[in-house]
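Notes follow once the structure below has been shown.
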Amino acid sequence: PFMAVVLDEGQYVKNPSSQTAKAARALNSAHRLALTGTPIENRLLDLWSLMAFAMPGVLGNRRQFGKLYNAKDDPFARLRLSSRVRPFLIRRTKAQVAQDLPERIEEDLYCEIEGEQKKLYDAERKRAQQLLLGVKTQQQLNDLRFNFLTSLLRLRQICCHPLLVKENSKARSAKVDALLEQLEPIVAEGSKVLIFSQFVAALKLLEKAIKKEGWPLWKLTGATENRGPLVDDFQNHDGAGVFLISLKAGGSGLNLTAASYVVLFDPWWNPAVENQAIDRTHRIGQTNRVIAYRLLIKDSIEEKIRGLQKRKQALAEDVLGEEKFAQTLSIEDFQYLLSD
């Protein structure tokens with residue numbers, strides 16, 4: 001038995017069926033505490049899983065929770081959930097914790113694809129559109145969901161670089177060209193920049209392009225060992241530097257306040273994950289204004305993902321006052337994402 005158990009980065013138990021969540025709930029302790037910046041990351045069940053560890057039973061069992069608090073046709077469900085959990089929450093926003101934190105600016109930068117990159121994109125989208133035309137019911141969608149998600153993945157990869165889907169492609173990437181153009185003045189002024197991508201293969205292509213420019217470079221992925229010395233080297237390096245980071249490996253647990261610029265090379269479905277990436281540098285210890293750029297391909301799946309993020313940010317705001325990217329994609333969502 002333990003006197004107390006504390007979960008740091010508690011969102012790692014957001015899936016109540018995972019081995020991690022089950023192991024955490026099985027710990028025997030007199031007191032429990034969960035710390036997290038994203039108590040609702042994808043769905044309301046994330047919050048139930050956290051509370052099932054910290055306050056077992058306070059939100060009922062999983063089935064009861066769905067009926068009481070997650071009923072889509074009940075306008076008061078969110079209000080009841082908010083009232084139920086508020087007594088057990090201590091919430092501090094970044095503005096409360098670090099009142100002297102410098103300004104943070106976010107900007108969406110759009111570029112256009114052409115040539116072979118556009119041909120690849122249009123061909124993939126038409127394949128997915130043809131498949132979607134035959135889908136009339138939710139069951140049909142569920143049967144073909146993997147196919148649609150694969151198409152969406154390929155469309156996102158084509159936006160990053162044709163080489164991610166077509167080996168030996170000679171096509172240029174409009175996004176890589178736009179990134180290098182954006183980085184040039186940042187490096188020239190002696191500043192440091194973080195570049196996030198969810199595609200490790202894309203980071204390899206960026207690494208090659210940045211090395212060609214001769215700019216100081218660091219890279220962190222899930223395969224990186226000894227993260228500490230790598231981070232320290234970047235933080236203490238005198239002058240400009242570019243740090244390539246995979247979104248999954250570097251989305252939390254890093255302090256990179258030496259950088260004052262962040263580039264999100266490709267959009268992620270959940271804006272909370274993007275915010276965590278930006279927060280690697282916009283945190284206590286930062287003395288400079290932080291500027292974050294989202295690189296997006298105009299009139300593409302990426303622009304649609306950005307729109308979808310903005311459409312689906314109400315749920316956690318109702319419960320906790322935080323943002324969230326929400327539910328499983330519906331037929332209407334796929335139609336929106338694949339529309340011309």
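The values are calculated or read from the model by the stated rules, or taken from the named source; none is laboratory data. Remember, it's a predicted structure, so these values are computed and weren't measured experimentally. Neighbour counts run over all protein chains shown; Cβ positions are idealised from the backbone, glycine included. Just the protein is used for accessible areas: all its heavy atoms, side chains included, with ligands, DNA and RNA removed. Shrake-Rupley method; radii C 1.70, N 1.55, O 1.52, S 1.80 Å.
Taken over segment 145-178, the criterion of being out of contact with any Lys or Arg (no Cβ under 6 Å at 6 or more places or on another chain), among the aliphatic types (A, V, I, L, M) and not in a helix (DSSP H, G or I) is satisfied by Ala171 alone. If you go through segment 305-340 and pick out every residue that is open to solvent by less than 60 Å² (accessible area, probe 1.4 Å) and either among the hydroxyl-bearing types (Ser, Thr, Tyr) or modelled with pLDDT of 90 or more (or both), you end up with 2.
Checking each residue in segment 18-31 for being open to solvent by 60 Å² or more (accessible area, probe 1.4 Å) and not hydrophobic (A, V, I, L, M, F, W, C) picks out Gln19, Thr20, Lys22, Arg25, Asn28, His31. For segment 32-59, the candidate set comprises residues that are of a type in the set (D, E, K, R) and touching a Lys or Arg at 6+ places or on another chain (Cβ under 7 Å); within that set, the residue that is surrounded by the most Cβ atoms within 10 Å (Cβ to Cβ) is Asp46. Within segment 1-15, residues that are in contact (Cβ under 8 Å) with a residue 40 or more places away in the chain and over 25 Å from Ile40 (Cβ atoms) have Cβ atoms under 7 Å from residues that are assigned to a loop (DSSP other than H, G, I, E, B) and hydroxyl-bearing (Ser, Thr, Tyr) in no pair, counting only partners at least 6 apart in sequence or on another chain. For Leu149, are the conditions met, namely being under 21 Å from the mean Cα position of the chain (by Cα), open to solvent by 40 Å² or more (accessible area, probe 1.4 Å) and at pLDDT 90 or above? No. On inspection, Gln139 does not qualify as among the polar types (S, T, N, Q) and modelled with pLDDT of 95 or more. Please work out if Ile40 is under 25 Å from the mean Cα position of the chain (by Cα), modelled with pLDDT under 95, over 30 Å from Asn288 (Cβ atoms) and not in a helix (DSSP H, G or I). Yes; evaluated as a whole, the condition is true for this residue. Considering only segment 171-179, I want to know if a residue exists there that is within 25 Å of Ala259 (Cβ to Cβ), hydroxyl-bearing (Ser, Thr, Tyr) and buried (at least 19 other Cβ atoms within 10 Å of the Cβ). Yes.
So that you can scan it fast, the table gives a plain yes or no per residue for (1) in contact (Cβ under 8 Å) with a residue 60 or more places away in the chain; (2) open to solvent by less than 20 Å² (accessible area, probe 1.4 Å); (3) touching a strand residue (DSSP E or B) at 6+ places or on another chain (Cβ under 7 Å); (4) charged (D, E, K, R):
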{"position": "Leu217", "(1), (2), (3), (4)": "no, no, yes, no"}
{"position": "Asn226", "(1), (2), (3), (4)": "no, no, no, no"}
{"position": "Asp232", "(1), (2), (3), (4)": "no, no, no, yes"}
{"position": "Gln235", "(1), (2), (3), (4)": "no, no, no, no"}
{"position": "Val242", "(1), (2), (3), (4)": "no, yes, yes, no"}
{"position": "Leu256", "(1), (2), (3), (4)": "yes, yes, yes, no"}
{"position": "Ser260", "(1), (2), (3), (4)": "yes, yes, yes, no"}
{"position": "Thr287", "(1), (2), (3), (4)": "yes, no, no, no"}
{"position": "Leu295", "(1), (2), (3), (4)": "yes, yes, yes, no"}
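The set of residues from segment 70-103 being among the aromatic types (Phe, Trp, Tyr) and modelled with pLDDT of 85 or more comprises just one member, Phe88. The residues of segment 66-89 that are more than 26 Å from the chain's Cα centre (by Cα) and open to solvent by less than 20 Å² (accessible area, probe 1.4 Å) amount to a single one, Ala77. Note on segment 43-63: residues that are part of a loop (DSSP other than H, G, I, E, B) and modelled with pLDDT of 90 or more total 7.
Can we say Arg84 is over 30 Å from Gln182 (Cα atoms), touching a Ser or Thr at 6+ places or on another chain (Cβ under 7 Å), assigned to a helix (DSSP H, G or I) and free of Cβ contacts under 8 Å to residues at least 60 places away in the same chain? Spelling it out, it is not the case that Arg84 is over 30 Å from Gln182 (Cα atoms), touching a Ser or Thr at 6+ places or on another chain (Cβ under 7 Å), assigned to a helix (DSSP H, G or I) and free of Cβ contacts under 8 Å to residues at least 60 places away in the same chain. Of all residues in segment 132-140, none satisfies being among the charged types (D, E, K, R) and either part of a helix (DSSP H, G or I) or surrounded by 15 or more Cβ atoms within 10 Å (Cβ to Cβ) (or both).
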